[in-house]
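Here's the structure we're looking at; comments come further down.
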Amino acid sequence: MSFADLGLSPKVLSAVQAAGYETATPIQAQAIPYAMMGRDVLGIAQTGTGKTASFVLPMLTKLEQGRARARMPRSLILEPTRELAAQVADEIEVLGKQHKLTVALLIGGVSYDEQDKKLDRGADIVIATPGRLLDHFQRGKLLLNGIQVLVVDEADRMLDMGFIPDIEKICKRLPFTRQTLFFSATMPAEIQRLVNNFLHQPARVEVAQRSSAATTIKQRLAKAPVEAKGKREVLRELMRAENVKNAIIFCNRKKDVGIVLRSLQRHGFNAGGLHGDMDQRTRTATLEGFRDGSITFLAASDVAARGLDIPAVSHVFNYDVPIHPEDYVHRIGRTGRAGREGFAATLVTPKEIKAIKAIEKMMDQEIPWLDGEGLSENEVEEAGSDDKGGRRRGRGGRSRGGAKKSAGGGSDRAPEKAVEAKSEAPVSESAKPADDKPAQKSVDDQPNDKAAKSAEKDDKPKKGRGSSDKSSSDRRSSDKSSSRPEKSAKSDKGGRNDKSNKNDKKKGDNEKVRGMGDHVPAFMMRSVRPS
């Protein structure tokens with residue numbers, strides 16, 4: 001479909017033609033007409049389908065009327081990462097050549113002063129990450145009651161990065177009459193809840209099967225050892241064997257990005273690194289170097305997996321199998337863009353085979369192995385048994401360690417048996433002289449009464465709870481106490497012994513003395529009456 005059939009303004013059409021766009025992509029052809037009607041739009045499409053132009057073009061048409069006011073932008077675009085926000089700003093600069101619109105880019109890692117100056121002069125379009133936008137709002141440098149169009153891009157990535165609470169705060173401060181354009185590659189339950197709360201009867205546009213990769217990408221799996229050194233060696237062999245023009249190497253952790261980067265540089269590869277902990281100037285310079293070819297290989301975290309438009313990436317290598325299956329589609333989507341052929345290889349250790357099965361199930365297709373044979377069943381079973389054994393030992397170690405600590409030492413198995421014997425033994429068995437200590441402990445362990453505590457203090461030299469020796473009085477009374485352990489345990493809710501209970505019954509209510517047990521001095525028992 002031609003852009004002229006979508007109802008765009010002449011200025012926008014001329015800018016589109018100058019940019020070299022001829023026909024609209026499916027997401028653009030379906031989303032732009034609804035956006036031009038002023039309706040809320042829910043767009044579901046994979047990366048590389050032209051989602052940016054599907055909200056930028058109708059926004060430019062709508063902003064041709066009106067003017068910007070200080071600290072009151074007219075439209076807001078939320079992006080999950082700084083790179084995506086900067087990329088959208090570049091796209092608006094190209095498509096908005098015929099418009100005299102001001103754009104403010106609010107991202108982290110950059111000084112507040114320049115951003116404040118743009119907001120003070122008045123910005124028609126604000127492109128921001130959620131955190132930096134809320135910072136400006138809380139500092140009083142930005143007002144959100146003039147927003148006419150809100151765009152939430154890569155919403156599922158926002159969910160992964162924990163930005164959903166920030167988006168909710170922002171949406172609650174926007175005018176109710178705004179138009180909302182909401183785009184996501186997948187629709188988890190949390191994203192659907194956000195759509196239900198903040199979109200009004202949206203037009204749903206879904207142009208591609210969810211979680212599907214482009215057919216122009218050749219996907220392969222490669223066996224790799226669990227050891228990090230051997231895994232890096234397999235990666236280098238793949239990079240040398242394939243006809244690699246340039247490539248992105250994805251790692252799950254930022255720490256691994258640095259390790260892989262240093263390994264590649266030591267072995268003569270022209271490589272750069274990109275992850276979230278780098279400052280914005282370094283990140284921007286690295287991306288520009290990769291785009292212009294001065295950097296051939298880019299070791300990156302998932303910060304480079306979404307939305308980055310680098311058309312000429314020939315290869316993608318997954319050093320780690322992604323944790324979430326959806327991230328696999330976004331990673332390999334960096335290659336094979338705009339109809340070009342691409343190659344994506346994933347290094348798989350025996351411990352990662354389950355993650356690969358989840359990816360294949362999500363995509364409803366099997367990914368072939370490079371050598372034609374995958375991991376053997378013995379390798380997978382050994383890795384699985386190692387994991388189960390490690391988890392079992394971990395749980396057992398914690399429980400035995402706790403029992404050992406409470407028992408005061410000894411072997412690992414003896415405390416477990418002692419605990420089991422205490423928990424499983426019936427009450428009648430505790431009446432034996434050998435088990436007198438647990439029965440006595442059930443009386444002493446009542447913490448709610450002062451009489452029990454004072455009696456325990458006074459009797460401490462004679463019978464300590466942690467001691468295994470018994471005094472002579474305990475030996476003489478062992479048969480009596482062991483013959484009726486249930487009665488001693490249930491003697492009183494407050495934990496007092498039978499003798500103190502008898503003394504309390506003999507005395508009147510007004511003459512009771514609590515807290516002294518059997519050792520109340522005689523002079524304290526005398527009643528004081530006026531002569």
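The values are calculated or read from the model by the stated rules, or taken from the named source; none is laboratory data. Note that this is a predicted model, so its numbers are computed, not measured. Glycine gets a Cβ as well: all are built from the backbone with ideal geometry, and neighbour counts include every protein chain shown.
Being farther than 18 Å from Ala45 by Cα and in contact with a Gly (Cβ under 7 Å, 6 or more places away or on another chain), is that true of even one residue in the range 330-352?
Narrowing the range 330-352 to residues farther than 18 Å from Ala45 by Cα: 340-352.
Narrowing the set further to residues that are in contact with a Gly (Cβ under 7 Å, 6 or more places away or on another chain) leaves 342.
There is at least one residue in the range 330-352 that is farther than 18 Å from Ala45 by Cα and in contact with a Gly (Cβ under 7 Å, 6 or more places away or on another chain).
Considering each residue of the range 319-357, count those that are closer than 12 Å to Ile217 by Cβ, small (Gly, Ala, Ser) and out of contact with any helix residue (DSSP H, G or I) (no Cβ under 8 Å at 6 or more places or on another chain), and give that number.
Final tally of qualifying residues: 3.
Restricting the search to the range 303-314, which residues are outside any loop (DSSP other than H, G, I, E, B) and crowded, with 24+ Cβ neighbours inside 10 Å? Lay out the reasoning, then the answer.
First, pick out the residues of the range 303-314 that are outside any loop (DSSP other than H, G, I, E, B): 303-304.
Scanning the range 303-314 gives a single hit, Ala304.
Between a first residue in the range 302-329 that is under 15 Å from Leu347 (Cβ atoms) and a second residue that is at pLDDT 95 or above and hydroxyl-bearing (Ser, Thr, Tyr), which pairs have beta carbons less than 8 Å apart while being 6 or more apart in sequence or on different chains?
Close Cβ pairs satisfying both conditions: Phe317/Thr346; Asn318/Thr346; Val321/Thr346; Tyr328/Thr346.
Considering each of Lys118, Lys97 in turn, give the residue that is of a type in the set (Lys, Arg), in contact with a strand residue (DSSP E or B) (Cβ under 9 Å, 6 or more places away or on another chain) and farther than 21 Å from Asp277 by Cβ.
On the way: Lys97 fails: in contact with a strand residue (DSSP E or B) (Cβ under 9 Å, 6 or more places away or on another chain).
None of the other options fit; the residue is Lys118.
So how many residues does the range 352-375 have that are under 23 Å from the mean Cα position of the chain (by Cα) and closer than 20 Å to Ile249 by Cα?
Qualifying residue count for the region: 5.
For the list (1) of a type outside the set (Phe, Trp, Tyr); (2) part of a helix (DSSP H, G or I); (3) modelled with pLDDT of 70 or more; (4) over 23 Å from the mean Cα position of the chain (by Cα), I need the number of the one condition that Ala338 fails.
(3)
Show me the helices (runs of 4 or more DSSP H) found entirely inside the range 49-139 where at least 3 residues are touching a Phe, Trp or Tyr at 6+ places or on another chain (Cβ under 9 Å) and either within 25 Å of Ala155 (Cα to Cα) or of a type in the set (Asp, Glu) (or both). Before the answer, list the steps.
On the way: elements: 51-62, 82-95, 112-121, 130-138.
Here the list reads 51-62, 130-138.
State whether the residues of the range 12-23 include one that is crowded, with 16+ Cβ neighbours inside 10 Å, over 29 Å from Gly140 (Cα atoms) and without any contact (Cβ under 8 Å) to a residue 12 or more places away in the chain. Even if it seems obvious, please write down each step before you answer.
Filtering the range 12-23 down to residues crowded, with 16+ Cβ neighbours inside 10 Å leaves 12-13, 15-16, 21.
Now restrict to residues that are over 29 Å from Gly140 (Cα atoms): 12-13, 15-16, 21.
Those still in the list that are without any contact (Cβ under 8 Å) to a residue 12 or more places away in the chain too: 13.
So far as the range 12-23 goes, yes, one or more of its residues are crowded, with 16+ Cβ neighbours inside 10 Å, over 29 Å from Gly140 (Cα atoms) and without any contact (Cβ under 8 Å) to a residue 12 or more places away in the chain.
Restricting to the range 315-335, count the residues that are of a type outside the set (Ser, Thr, Tyr), in contact with a Cys (Cβ under 9 Å, 6 or more places away or on another chain) and in a loop (DSSP other than H, G, I, E, B). Give the steps one after another, and end with the answer.
Start the filter on the range 315-335 by keeping residues that are of a type outside the set (Ser, Thr, Tyr), which leaves 315-318, 320-327, 329-334.
With in contact with a Cys (Cβ under 9 Å, 6 or more places away or on another chain) added as a condition, the list becomes 318, 320.
Remaining after also requiring in a loop (DSSP other than H, G, I, E, B): 320.
Selection size over the range 315-335: 1.
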